[in-house]
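First up is the structure itself, then whatever we jot down about it.
The values are calculated or read from the model by the stated rules, or taken from the named source; none is laboratory data. Since the structure is predicted, the reported quantities are computational estimates derived from the model, not experimental observations. Because the Cβ atoms are built from the backbone with ideal geometry, glycine has one as well, and the counts that use them run over all protein chains shown.
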Amino acid sequence: MKTTPQSIRWDNGTLELLDQRQLPTSEIYLTIKDPESAAEAIKNLTVRGAPAIGITAAFGMVLAAIRKDDLYLAGAILKKSRPTAINLSWAVDEMLVIVNQKPSDLVESLEKRAVGIYLGEISMCKNIGKHGAALIQPDSGVLTHCNAGGLAVTEIGTATAPLYHAHSKGVSFRVFAKETRPVLQGARLTAWELNAAGIDVTVICDSADAHLMALGHIDIAIVGADRVTANGDIVNKIGTRSLAIACAYHGIPFYVAFPSSTYDPQTAQGLDVKIEERPSSEVTTSLPFPIDVPVRNPAFDVTPNELVTGYLTEHGLFESIDEAVK
Ligand code: MRU
């Protein structure tokens, strides 16, 4: 199975991140030397996607240990870099469990746990792909939003995992990638990685989704998640909520794919999650004219559980969140 270049490389104490801001024009890896630079790379979207920022934070903690930094402070800096995806604080907390055990070989123990988190995410994605492949029917149209692909994890991603599996089995289908304003993760990243894998992909502007549904071009929607709350609400890239509402209106099944590292049992419902507001410059710099009114740039939104047809995890496909996480 042909997959995307690795978004994160760790080799013997060296952390390299594929600079996703420059894709698809340039494939450049940046070397990250300390936890502060790891936090900055998460914040400025050098690395993005819920599992990928969790993995990066885990390796950031190893870099902090190598430098003999205060690991609680490093953890706090990393956690603050982006507030919405639970994978980030989950991964830092997993590393702090090791710190609290005070092992004599602290750096080695932390490195082992960070590599474990990294390999764990890859393995969960493989199982998501196996369980979800049957959702991709021959000659169907599949809609996805943002990038929940290999770049957001490594290898085959979450929402794209069923696509890679179905494609490797010779199923022919068409993916519609919503461009995902303002950072264009759909047009720049999802379209690029699926096209490179030989999967038939068409980019649409964000507002074209309901129209294509009305024309009968979309049979199923699959998205990823930054956080799934205890009641099964989905927090994902801005535009996911309106996509799910459009799916419900048109009778199109709406699935969310996520590894268990994205489940947050401590938060009762999606509306309790802090939604990251990003700089207005992300919206305005792509406009061909100056804009002289306030601009808001919420990066995520909440899709209520009643709009979710099924939860696809490493354990299988489930109709309710309770079944998915038991
Ligand atoms: O702002 P981003 O690009 O980090 O947002 C990413 C998403 O919303 C993804 O859908 C989500 O993190 C799942 S990635 C497997």
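Structure values in brief
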{"quantity": "Unmet criterion (only one of (1) part of a loop (DSSP other than H, G, I, E, B); (2) in contact (Cβ under 8 Å) with a residue 40 or more places away in the chain; (3) more than 26 Å from GLY270 (Cα to Cα)) for ALA148", "calculated": "(3)"}
{"quantity": "Residues satisfying the stated conditions in region 281-304, i.e. assigned to a strand (DSSP E or B) and β-branched (Val, Ile, Thr)", "calculated": "VAL302, THR303"}
{"quantity": "In region 117-145, the residues that are free of Cβ contacts under 8 Å to residues at least 40 places away in the same chain and crowded, with 24+ Cβ neighbours inside 10 Å", "calculated": "GLY129"}
{"quantity": "From LEU143, LEU135, residue being in contact with a Pro (Cβ under 7 Å, 6 or more places away or on another chain) and more than 27 Å from ASN12 (Cβ to Cβ)", "calculated": "LEU135"}
{"quantity": "Strands (runs of 3 or more DSSP E) lying entirely in region 181-246 (those with 2 or more residues that are within 11 Å of the ligand (Cβ to nearest atom))", "calculated": "220-223, 227-229, 234-237"}
{"quantity": "Residue in region 159-177 that is modelled with pLDDT of 95 or more, within 16 Å of the ligand (Cβ to nearest atom), surrounded by 24 or more Cβ atoms within 10 Å (Cβ to Cβ) and part of a loop (DSSP other than H, G, I, E, B) present", "calculated": "yes"}
